[in-house]
Every structure is written in structure tokens, then in C-alpha cells.
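Here is the structure we will look at.
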Ligand SMILES: C[S@@+](CC[C@H](N)C(=O)[O-])C[C@H]1O[C@@H](n2cnc3c(N)ncnc32)[C@H](O)[C@@H]1O
């Protein structure tokens with residue numbers, strides 16, 4: 001496969017990602033299924049190019065705007081090749097020849113564009129800070145309010161691809177044993193700093209090298225997400241509702257810590273995600289989880305089970321600002337499509353309904369993968385004001401060892417400070433007797 005054919009394949013994929021409303025990783029899966037013949041090296045090179053262009057989306061667009069050129073996937077790729085990896089405009093021009101399997105030959109406009117990029121670099125002093133840091137308009141104000149003087153450092157941290165975090169299925173093996181297995185597979189891995197069952201791999205590698213993922217002995221899960229599941233503090237024998245279970249990332253972690261005892265109701269409004277959750281539950285060898293499809297947060301299932309759960313986790317739909325380093329296209333999607341206000345209102349409705357499930361003396365854990373005050377601290381303040389039967393349990397009380405990470409009341413993880421995705425979690429307890 002020639003370098004020019006690789007560029008054409010990358011361009012096809014970038015065009016698909018641009019047109020398809022689904023998240024980039026879903027579009028990538030479809031693309032790879034249709035091109036099963038690709039070798040691993042070839043696939044890696046195509047995906048690296050897509051990743052680079054997505055991670056530099058605002059800067060590439062800024063250059064195209066500044067030079068009066070249309071912002072298209074092909075133009076973005078040309079600019080990236082010209083100034084993104086410092087190989088210069090001639091390198092970009094060399095492969096756009098129109099030969100068989102290569103991208104179409106350069107137009108006069110593209111030649112002029114490449115000429116004007118001579119000697120430039122991807123970050124220009126004239127760029128606004130939000131462009132240099134790839135922060136979309138809608139999020140700039142809320143993120144500046146959240147981070148103050150740390151704004152640039154935190155935004156730079158989310159520009160870098162994250163390490164690969166895994167959670168060991170302790171029903172099957174131990175972290176120590178899994179580290180030995182990975183060493184025998186030639187995979188350099190280390191124990192995570194805070195999550196007791198976590199393993200971190202810093203080197204970029206193909207997941208096909210990680211055979212224990214196929215057997216359910218471990219799962220991919222960011223260390224921050226593992227810590228949120230830990231804060232639920234579900235005990236063997238408890239009744240737990242995971243209200244926004246999705247494909248079950250936290251459900252699996254909770255149910256495993258419950259030693260396969262008790263009951264976890266994994267609820268969601270998405271049948272597709274719950275199906276995936278059920279498959280992962282089976283693979284992990286868990287018998288204490290049942291999936292529950294909800295028509296909405298006020299489904300009758302909730303009313304019928306009022307006050308019957310020891311623990312209720314609300315891992316709410318959110319802006320996903322904490323996961324930008326993992327999904328570089330996410331910053332240009334979620335809140336742009338749904339609106340921050342809409343998300344905050346949905347979270348409040350979900351919280352109000354899910355809170356009904358909590359037993360007297362039981363706990364409600366609210367979590368997001370958002371960095372924004374609106375979805376986190378302010379959401380909690382509004383809930384606590386409206387529902388006086390609930391009070392905050394400080395993080396140090398639930399998980400000694402994590403208290404140094406953030407303000408005493410809530411867990412608040414950030415990529416620059418904690419090396420995890422951005423996560424927020426609040427533990428609230430319902431009064432044992434009616435107030
Ligand atoms: C942050 S994701 C959950 C991720 C999951 N807990 C994990 O750890 O992998 C939020 C989930 O909320 C679900 N959701 C959206 N609206 C909902 C609603 N009204 N009631 C319950 N779940 C909802 C979405 O389908 C999505 O799966």
C-alpha cells in the first residue's frame with residue numbers, strides 16, 4: 001500500500017466522519033468493517049492521521065479561514081500535511097497526484113494555499129487562545145469560570161491523547177497476577193495510582209495484543225471512572241440501581257466489588273447500550289445484574305420501586321467536557337447539539353426521579369464526566385435546596401485516600417492535576433427518618 005493510497009483512505013474516512021452525525025469512533029468502526037483487508041500498520045497510519053486532524057480541528061480551520069480557503073476535509077488534511085507535522089508544503093503536494101489510488105491532483109487554489117503556508121507553523125501568534133487550545137465557543141466561558149488561572153494548563157492537558165486504563169475483573173484474577181500476564185505478553189503496564197483494581201498502559205498499542213480483554217478478565221475503563229464506581233461503596237448483598245448505566249462501564253465495576261452478590265438494576269433509556277451492557281455482564285461472569293429499559297426517567301418502574309435501593313448511581317448524560325482528550329471530536333458535538341441548558345435541565349429531572357428510589361438512610365451518588373460547574377456543583381446546590389431529606393457525605397468519609405484530590409465535599413478530577421479524565425462525583429445520603 002503506497003503512502004498516497006494511505007492518504008486517500010484517510011481522506012475517505014475524514015469525509016465519512018464529517019458527514020455522519022454519529023461520534024467519530026462509531027464511524028471508524030463502520031469504515032474498518034468495510035475494509036477488513038487493511039494491514040495493522042496501514043490501519044494505524046490512517047487512524048493516526050484522522051486523530052491528528054481531529055485534535056487540530058480549530059487550528060486547521062483558523063488557517064483556512066485566514067487564507068480565504070473553504071474548510072473541507074481535503075483542505076484540512078492538506079494544511080495538516082503542510083504545517084502540522086513539520087514536513088512542509090512540498091511533502092503535501094507530492095502525494096496529491098491523481099494517480100491510481102492517490103488523492104486527486106491539486107487545484108490551482110490548493111497550490112496557492114500550500115504556497116502561502118510556506119514557513120508557517122500550526123500555532124500562530126495571531127490565533128485567539130480558544131483556537132490554539134481547541135476550545136469551542138459555547139464552552140469557553142464556563143471553562144474559564146471553572147479553572148481561572150489554570151484554564152490554559154487544563155485545556156492543554158486535554159489536547160494530549162490519554163494513556164490506556166484498564167480495570168481488572170477481580171472475580172477472575174488479581175491485579176498482581178494480571179500485571180504478570182501483561183509482562184509475559186510483552187506489554188509494559190503499571191498499577192494505577194488511586195484505583196485499587198486499575199492498570200495503566202502508557203505506550204500506544206493495538207488492543208489485539210491484550211488477550212485478557214477478550215476473556216472478560218479486564219475491561220477498558222479510565223481510572224477516574226473506576227473511582228466514581230468505588231465511591232458508590234456498594235456492599236455484597238446491597239440493592240443498587242445504576243440509573244444511567246449505558247453500556248455498563250460503572251455497572252461492571254460496582255457489581256464486581258459486590259462480589260457477585262446482591263442485586264444491581266442497570267437502567268437506561270437506550271436499548272442498544274443496555275444490550276451491550278448485558279453482553280459485557282455475561283462475559284465478566286456476573287450474575288447479580290439485571291438490565292432495565294426505561295421509557296424515560298419517570299418510567300413507571302421507578303414509582304413501583306420507590307424507597308427500595310441502598311445505593312442509586314446517577315451517571316448523568318452530560319457535556320462530556322472531561323473526556324475530550326479521549327474523544328477529540330466530542331468537543332465539537334455534544335453540547336453544541338443539545339445545548340448546555342438542556343443538559344442541565346435533563347440532569348435535574350433525572351436526579352429528581354432517581355432520588356425516589358433511595359431507601360431511608362441509603363445513598364444517591366451523582367456523577368458526570370463534565371468539568372463544568374453548571375453540571376456539577378451548581379446542579380448539586382439546586383438539588384440539595386429542593387430536597388432537604390438529602391445531605392452531602394464528604395469524600396473523605398466514603399473513600400479515605402481520595403480526600404486530597406479535591407474539595408472536601410465532592411470528588412472533582414481534572415486531566416492536568418490528576419492525570420485522569422475529568423470526573424465529578426457527589427455522595428448524598430437520605431435521612432434515615434422522614435424530615
Ligand atoms: C454518561 S452516560 C453513562 C455511562 C455509563 N454509566 C458508563 O459508566 O459506561 C449517560 C447515560 O444516560 C442515559 N440517559 C439519557 N437520558 C436518560 C434518561 N432520561 N433516563 C435514564 N438514562 C438516560 C444515556 O442513554 C447514557 O447511556
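Label sites at residue 349 and residue 32, each approximated as a point 7 angstrom past Cα along Cα to Cβ, lie 3.6 nm apart.
Fewest to most neighbouring Cβ within 10 Å: what's the order for 147, 243? Spell out each step's value before the answer.
Values: 147 16, 243 27.
Going from sparsest to densest Cβ surroundings: 147, 243.
Axis of helix 137-147 versus longest Cα principal axis of the chain: the two differ by about 50°, to the nearest ten degrees. Legend: translational diffusion of region 317-405 by Stokes-Einstein, Rh = Kirkwood radius over C-alpha pairs, 4 °C, 1.567 mPa s; D = 89 µm²/s. Note the angle between two axes, namely the Cα long axis of helix 340-354 and the longest principal axis of the Cα atoms of the chain, as a number of degrees from 0 to 90, rounded to the nearest 10. Roughly 30 degrees between the two axes. Using just its DSSP H runs of length 4 or more, each adding -39500 (n - 2.57), the chain gives a mean residue ellipticity at 222 nm of -12000 deg cm²/dmol after division by all residues.
Comparing 296, 225, 206 in a Gaussian network model of the chain, where Cα atoms under 10 Å apart are tied by springs, the biggest mean-square fluctuation is seen for 206. Mean separation of Cα pairs under 8 Å and 6 or more residues apart, divided by the residue count, gives region 3-127 a relative contact order of 27 percent.
From the mean inverse distance of alpha carbon pairs (Kirkwood) and the Cα radius of gyration, derive Rg over Rh for the chain.
On the way: Rg = 23.5 Å, Rh = 23.4 Å.
When Rh is taken as the Kirkwood radius, the ratio is 1.00.
Give me the percent relative contact order of region 164-220, please, defined on Cα pairs under 8 angstrom at least 6 residues apart. Write out the running numbers ahead of the final one.
On the way: 77 pairs, mean separation 26.5, N = 57.
Contact order relative to length: 47 percent.
Using the alpha carbons alone, the radius of gyration of region 272-364 stands to its Kirkwood radius in an Rg to Rh ratio of 1.02.
Looking at region 223-430, the DSSP beta bridges with both ends there are about 40 percent antiparallel.
Can you compute log10 of I(q)/I(0) for region 248-313 with the Debye formula, treating each Cα as one identical point scatterer, at q = 0.13, 0.15 Å⁻¹? Scattering profile of region 248-313, log10 relative to I(0): -0.34, -0.46. Between 371, 357, 114, the residue with the greatest mean-square fluctuation in the GNM of the chain (Cα pairs under 10 Å linked by springs) is 114.
Decide, for region 164-220, between rounded, prolate and oblate: order the square roots of the alpha carbon gyration tensor eigenvalues as a ≥ b ≥ c, take rounded if a/c falls under 1.5, and otherwise choose prolate if a/b is larger than b/c, else oblate.
Working: a/c = 1.44, a/b = 1.13, b/c = 1.28.
Here region 164-220 falls in the rounded category.
Against the chain, whose longest principal axis comes from its Cα atoms, helix 40-55 is set at around 80 degrees.
When ranked by the protection proxy of mean other Cβ atoms within 10 Å per residue, highest first, what sequence do the peptides 33-40, 235-242, 129-136 form? Could you put the intermediate results ahead of the total?
Numbers: 33-40: 10.1, 235-242: 20.4, 129-136: 18.5.
In decreasing order of mean packing, 33-40, 235-242, 129-136 become 235-242, 129-136, 33-40.
According to the square roots a ≥ b ≥ c of the eigenvalues of the Cα gyration tensor, what is the shape class of region 1-50, taking rounded for a/c under 1.5, prolate for a/b larger than b/c otherwise, and oblate for the remainder? It comes out prolate by the Cα gyration axes. Computed on region 178-320, the Cα convex hull volume stands at 121 Å³ per residue.
Among DSSP beta bridges lying fully in the chain, give the percent that are antiparallel, nearest 5. Counting only bridges with both partners in the chain, antiparallel ones make up about 55 percent. Using C-alpha pairs under 8 Å with a sequence gap of at least 6, the mean separation divided by the residue count of the chain gives a relative contact order of 12 percent. Our estimate of slack between residue 174 and residue 20, defined as 0.36 nm per intervening residue step minus the Cα-Cα distance, is 51.3 nm.
Using only Cα atoms, what is the ratio of the radius of gyration of region 3-127 to 2.2 N^0.38 Å?
On the way: Rg = 14.3 Å, N = 125, 2.2 N^0.38 = 13.8 Å.
Normalised Cα radius of gyration, region 3-127: 1.04.
Neighbour counting of Cβ atoms within 10 Å sorts the residues 79, 269, fewest neighbours leading, into 269, 79.
Where does each of 423-431, 102-110, 119-127 land if you order them by average Cβ count within 10 Å, highest first? All intermediate terms of the calculation are to be shown ahead of the outcome.
Details: 423-431: 22.8, 102-110: 14.6, 119-127: 12.2.
So the peptides 423-431, 102-110, 119-127, ranked by packing, come out 423-431, 102-110, 119-127.
Semi-axes of the equivalent ellipsoid for region 223-430, please: Cα gyration tensor eigenvalues, times 5, square-rooted, ordered largest first, whole Å.
Working: eigenvalues 103, 77, 69 Å².
That gives 23, 20, 19 Å for the three semi-axes.
Estimated from the Cβ-Cβ distance and a Förster radius of 22 angstrom, the FRET efficiency linking residue 381 and residue 150 is about 0.50.
Determine, for each peptide in 184-196, 304-316, the mean count of other beta carbons within 10 angstrom over its residues, then list the peptides with the highest first. Provide the component values of the computation, followed by the final result.
On the way: 184-196: 15.5, 304-316: 20.2.
Sorting 184-196, 304-316 by mean packing, highest first, produces 304-316, 184-196.
No lab work stands behind these numbers, since they all come straight from the coordinates. All of these numbers come straight from a predicted model, not from anything done at the bench. Neighbour counts run over all protein chains shown; Cβ positions are idealised from the backbone, glycine included.
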